[in-house]
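Structure record follows, encoded as structure tokens.
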Amino acid sequence: MENYTNLKIPVEMLANWQGLIEHVADIASIPTSLIMRLQPETIEVCVTNTHQKNPFHVGDAESLSGNLMCKAVIDSQQMLIVDNALRSERWCDNPDAKLGLISYCGLPINWPTGKAFGTICMLDSKENGYTDSERQLLTLFKNMVENSLTILYQQYILEEKVKHRTAELEQVNQRLIKKIDEYASAEQIIEYQKYSHELTGFPNIHELEKQFNANIITSDKNAALIHIRITNLTQIRNNLGLEYSQYITCYVAEKLKRLCPECIHLALLADDDFALIYQQHNDDLTNELMVIINDLISGLNETVSFAGQRVKLTRCIGVSLYPEHGKSFLELMHNSSVSASECQLHNRDYQVYDASLKTMLMDRFQLESQLMHALTNEELSLHYQPLFDVGSEKLIGAEALLRWHNPLLGFVGPDRFIPVAEESGMMIEIGYFVLRTAIKQLASWQALHHDDFSVAVNLSPLQLADPALVDTIQALLETHHVKATSLEIEITENVFLGDQDGVLQVLNRIDALGIRIALDDFGTGYSSLSYIHRFPFSTVKIDRSFISNLDTSLVNRHLVTAIISMANAFNLKVVAEGIEDKAQADFIQRAGGHIYQGYHFGRPVNVDDFSRQYIC
Ligand code: C2E
Ligand code: MG
Ligand code: MG
């Protein structure tokens, strides 16, 4: 899994980094700015700016055995500033000084695992201490490069997982073929044991506790309690009968015996609940656990056949560690069970316990159970926030923002409940409510106001994966006689974390209808220019975190200007979100932005207030 450090950086990502490096050199007025990449024996120029006095080229390398400032940055994992190498005993003979670059400011760049990737640095031919703003800018660009590395790493892990699972499945298939005879006899045993699980040969919870007290408490080694739950067993019992579900219990019990080495204590807690205790063998419990958990994940990822029916097992895995997460057996059991529930909720492969899980889980259960009835109880509504044209300061449209008022919980903000609606799948239905309400309202405002008035609706990643989405939007527009060009949908960069080809197809279909597509919260996610290039966006919305401190942050002023000029180059409209005062509005106007949104122009208000204030 360490091969990611050799990954080739995709061309679009390099082009994106090139843009950052050019900005650094321009803003700091220096000849050289570099992204350096660590190689086994050398450090190599990965990206460099195009200034004519810059002596570096992509691919130039220096041996790590030399006296290198970049190496010092990587080793110390801290910013290094050398204002004049010629006056420093330590740095006077470094290779950059020999090229005439005597001052240096550099930061480490790491992979998301913490492993070193290289550095980002600025070099000047004259003495330079680098201002606070220049240092902040370098830090910001370091974060952007590290965000790109996170995407690259996630893609790599995904591909590795697929490869690994395919190989595992192949092996499991081979084993299954060999064991057909064994299963035939297992069926006879199941007949015999129909009403008793004790005969699976597994200890029960009391025996597991005894083993724990005898072997773990008395030893000075760390241990882990792993909880495995077959999450669709009740469904299997309801649909296929008790005999089938008992077969699955025995099948999984047998499977676990084979998957886990002898030294692990295993127990069957209930039909669908298994637990095992693993005691640390060598020095690294985490690594040993990862091997076991990976074996469990792939080993239980299969379809089981019995009595002519095939069933795909779904499972969750929760882990608690001894003594970190509990000194007694019962405490550990409870915490691994909480982790298993969290794992199930988030559809993760596994979940290790963390103290905040308990409260989060309680809060979430409460939110989820109340949200389930929010639509039928008519607790959801839309507020609308006005959008104004920068040139004429005229109203041109509104963004629809979802609101939830629950009698028990009071007002719950969308930032809290939308993730819950996403994870539980409710967002599809809620999303249709938003689209239906907003399009209907748009039709009525267009009749009163003017045809050019438009409404923007936020779509979540889950909605984009819904095959009925585009047809439903089209049908809604037709039903309410609304032109597609009056509707804009807003998506955030989160959607690109999943199936990018699938997202591209959906967005192309939406674009083909004439609906505009905005990239929301730009600057907070991976902010990759390649998305803007590849996907049919017509608008970029600069996140309000950049606008809120325009007056104090030179870096943000530079960034906002850079985003607007980039958007103009791509022929995109720019909305500045979160404008709270006139100075911010003036800045956006001077920088060439197109649309204002923010409290300075109007807060989100309910439909009646919006109509009263802006339409009539
Ligand atoms: P967003 O789409 O970026 O919406 C803009 C957010 O900024 C809104 O927060 C708005 O009230 C707030 N805002 C606008 N101007 C200002 C300002 O001048 N100052 C400050 N401090 N805030 C301002 P809200 O309504 O809480 O929504 C938060 C997020 O929830 C939205 O961010 C959006 O991502 C999500 N959301 C809201 N409604 C929906 C929806 O119907 N579907 C989906 N999928 N997400 C939604
Ligand atoms: Mg939005
Ligand atoms: Mg936004």
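The values are calculated or read from the model by the stated rules, or taken from the named source; none is laboratory data. A quick note: this is a predicted structure, and the numbers were derived from the prediction, not measured. Methodologically, a virtual Cβ is constructed for each residue, glycine included, from the backbone with ideal geometry; neighbour enumeration extends over all protein chains shown. When the accessible area is computed, the model is the full protein with side chains, heavy atoms only, and any ligands, DNA or RNA have been set aside. Shrake-Rupley method; radii C 1.70, N 1.55, O 1.52, S 1.80 Å.
Worth pointing out:
- Close contacts from segment 442-471, counting a first residue that is free of Cβ contacts under 8 Å to residues at least 24 places away in the same chain and of a type in the set (A, V, I, L, M) and a second that is within 16 Å of ligand 2 (Cβ to nearest atom) and open to solvent by 50 Å² or more (accessible area, probe 1.4 Å), with Cβ to Cβ under 6 Å and a gap of 6+ residues or different chains, come to none at all.
- Condition check for SER444: open to solvent by 40 Å² or more (accessible area, probe 1.4 Å) and either closer than 23 Å to GLU378 by Cβ or of a type in the set (Ser, Thr, Tyr) (or both): yes
- Of all residues in segment 540-555, those satisfying the criterion of being within 15 Å of ligand 1 (Cβ to nearest atom) and under 29 Å from the mean Cα position of the chain (by Cα) are VAL540, LYS541, ILE542, ASP543, ARG544, SER545, PHE546, ILE547, SER548, ASN549, LEU550.
- Residue in segment 407-417 that is within 13 Å of ligand 1 (Cβ to nearest atom), among the charged types (D, E, K, R) and without any contact (Cβ under 8 Å) to a residue 40 or more places away in the chain present: yes
- LEU256 being in a strand (DSSP E or B) and of a type outside the set (Lys, Arg): no
- Residues in segment 474-495 that are in a helix (DSSP H, G or I) and more than 19 Å from PHE535 (Cα to Cα): GLN474, ALA475, LEU476, LEU477, GLU478, THR479, SER486.
- Total residues in segment 447-464, condition modelled with pLDDT under 90 and over 15 Å from ILE418 (Cβ atoms): 6
- Residue tally, condition outside any strand (DSSP E or B), touching a residue at least 60 places away in the same chain (Cβ under 8 Å) and crowded, with 20+ Cβ neighbours inside 10 Å, over segment 98-128: 2
- Pairs with Cβ under 6 Å, 6+ apart, first in segment 492-505 and free of Cβ contacts under 8 Å to residues at least 12 places away in the same chain and among the acidic types (Asp, Glu), second open to solvent by less than 40 Å² (accessible area, probe 1.4 Å) and within 16 Å of ligand 3 (Cβ to nearest atom): none
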